Amino acid sequence: MDFNLMADITPLLIKAAWVTIDISARAIVIGFMVASTLVFLRSIKFKPLQWFVRGYVSLVRGTPYFVQLLLVFYGGPTIGLKMDPFTCGVMVGAFNIGAYMSEAIRGALESVDSGQNEASRSLGFGRLQTLGYIELPQAAGLMIRSVGVLAIVLVKNSSLVSIISVVELTYQAQRLIGSTYKPLEIFTLSALMYIVIVYAVMGIVELAYRRATRYTTQ
Amino acid sequence: MSTQNMTETPMVEIKNVHKSFGDLKVLKGIDLTVDRGKIVSIIGSSGSGKSTLLRSVNHLEVIDEGTILLDGVQVNRPDMKGLAFERHINHIRQNMGMVFQHFNLFPHLSTLDNVTLAPRKLKGMDRKTARELGMEYLERVGLAAKAEVFPSHLSGGQKQRVAIARALAMQPKVMLFDEATSALDPELVEEVNLVMRSLAKEHMTMLIVTHEMAFARDVSDWAMFMDGGVVVEEGPPDKFFTNPDHERTRSFLKKHLDSNH
């Protein structure tokens, strides 16, 4: 192992790791909005809307993320969907994780006992108030756990956006290998950085989970 | 309408109510009038439609036909749609307290917050006033000491008493009890019955679906026996429980009085 080289390139890889974090964080935030919209659309009692949401979710779940990325980046411009690589990476990530997240959110909400809804409605709370005051707080724990798992998958999948030349951790690693021919050192370093990011996400998820479920231990 | 007439408006009026679940007719034309301050017990075996009837009163079940009025205001409004109906029913429900068999306390809120959430969010009560109100109602059900505790630390009887306090805190015109003691261990039934008795003393209008014959006989002003979606018999408890007219009522009461005591 060439430790001198590893020390030299570490700053470059850290910089690229920030791009990985940036692209993932944006995709998660936008993905959450996509997911919430999908959950909302699916809750509307209008069959075509429900079919649309189910069709969309099946499409995303039934195709590889890698193919989705290539399709949108290279196929998109043909139908007027032209984005720079970074934006494309964020959006494909967001719409991908959004589909999975919508199922996670729906599942978590459905796990709340229906008696909770009845008790809330019987007091005079409306649907949205019931969702906000009663159902979401109780679904939050499960929701955070499942969304956390998806977020970790997304971080790791973000390495795939190197194919559309976003200069994130993996792309940068490949570039450095091109000039140094030291794949073992460089990929080891980048793998370590992924581990740090993933464990940081896990830590945040665990804290959020504990906060959301404090009431069960009090 | 004169004030005289106003005071005579029944608190709850159920007129010719029909309800089906798919092909199954569960309510086949029910009529019932509950006057102010009166207590009506509805008894019957499971599947008789008694819970469905009670749940219809605050529109947790949507009736197919008939009319339900709360204090002269129609609860079911087939003429209203969407948000307009949503606003209407939310307002109506604020005047009706409902107590469920399985308590349905909000597990993520403290006992006190369970009681104060609705007054705060629906009546715009500030925290301090709501807290005082909440403590007052918890005091009434004997659980002021448990104000800061979460529901998972309460016994079944305590949970149900908090659920009653939660409903009372909205200062409803009528209380609906849907088998409030059926899910409780026998030794915890009495503490809930005590709270219900105290409400009876204060002339709270109550509609009680119950399996507790002795209790129903004690507190009710009127008793009603349902079977197969119809009212078989109704009357004042003295006659109803000792000398009912119908054979079906007699055999039901015999079975339940025997098994209960």
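The values are calculated or read from the model by the stated rules, or taken from the named source; none is laboratory data. Fair warning: this is a prediction, and the values are worked out from it, not measured in the lab. We place every Cβ from the backbone using ideal geometry, glycine too, and count neighbours over all the protein chains shown.
Quick look at the values:
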read-out: Filtered residues of segment B:93-130 (kept if in a helix (DSSP H, G or I), more than 8 Å from chain A (Cβ to nearest Cβ) and in contact with a Leu (Cβ under 9 Å, 6 or more places away or on another chain)); value: B:Thr111, B:Leu112, B:Asn114, B:Val115, B:Thr116, B:Pro119, B:Ala130
read-out: Residues within segment B:104-131 that are touching a residue at least 40 places away in the same chain (Cβ under 8 Å) and in contact with a Gly (Cβ under 6 Å, 6 or more places away or on another chain), tallied; value: 4
read-out: Conditions (1) under 30 Å from B:Pro172 (Cα atoms); (2) surrounded by fewer than 21 Cβ atoms within 10 Å (Cβ to Cβ); (3) of a type outside the set (Asp, Glu); number of the one not met by A:Gln138; value: (2)
read-out: B:Ala84 in a helix (DSSP H, G or I), under 17 Å from B:Ala163 (Cα atoms), within 14 Å of chain A (Cβ to nearest Cβ) and small (Gly, Ala, Ser); value: no
read-out: B:Val141 being more than 14 Å from every other protein chain (Cβ to nearest Cβ) and free of Cβ contacts under 8 Å to residues at least 60 places away in the same chain; value: yes
read-out: Unmet criterion (only one of (1) within 23 Å of A:Gly126 (Cβ to Cβ); (2) part of a loop (DSSP other than H, G, I, E, B); (3) away from chain A (no Cβ under 14 Å)) for B:Ile68; value: (2)
read-out: Leading residue by the ranking (nearest to B:Ser56 (Cα to Cα)) among those in segment A:94-121 that are surrounded by 21 or more Cβ atoms within 10 Å (Cβ to Cβ) and among the hydroxyl-bearing types (Ser, Thr, Tyr); value: A:Ser120
read-out: Flag if B:Ala167 is in contact with a Phe, Trp or Tyr (Cβ under 8 Å, 6 or more places away or on another chain), under 17 Å from B:Phe103 (Cβ atoms) and either buried (at least 19 other Cβ atoms within 10 Å of the Cβ) or touching a residue at least 40 places away in the same chain (Cβ under 8 Å) (or both); value: no
read-out: Odd one out for A:Ser159 among (1) under 30 Å from B:Val57 (Cβ atoms); (2) under 18 Å from the mean Cα position of the chain (by Cα); value: (1)
read-out: Tally, over segment B:38-65, of residues that are within 14 Å of chain A (Cβ to nearest Cβ), part of a loop (DSSP other than H, G, I, E, B) and in contact (Cβ under 8 Å) with a residue 60 or more places away in the chain; value: 1
read-out: Single condition A:Leu128 does not satisfy, out of (1) more than 9 Å from every other protein chain (Cβ to nearest Cβ); (2) more than 12 Å from the chain's Cα centre (by Cα); (3) modelled with pLDDT of 95 or more; value: (3)
read-out: A:Ile177 in a helix (DSSP H, G or I), surrounded by 19 or more Cβ atoms within 10 Å (Cβ to Cβ), more than 14 Å from every other protein chain (Cβ to nearest Cβ) and of a type in the set (A, V, I, L, M); value: no
read-out: Residue ID - nearest to the other protein chains (Cβ to nearest Cβ), chosen from residues in segment A:96-125 that are polar (S, T, N, Q) and within 21 Å of the chain's Cα centre (by Cα); value: A:Ser102
read-out: Residue in segment B:120-131 that is closer than 26 Å to A:Thr216 by Cα and in contact with a helix residue (DSSP H, G or I) (Cβ under 6 Å, 6 or more places away or on another chain) present; value: yes
read-out: Any chance B:Arg55 is among the charged types (D, E, K, R), more than 27 Å from B:His203 (Cα to Cα) and either at pLDDT below 95 or buried (at least 16 other Cβ atoms within 10 Å of the Cβ) (or both); value: no
read-out: Selected residue [within 27 Å of A:Pro64 (Cα to Cα), away from every other protein chain (no Cβ under 14 Å) and not in a helix (DSSP H, G or I)] from A:Val196, A:Val167; value: A:Val167
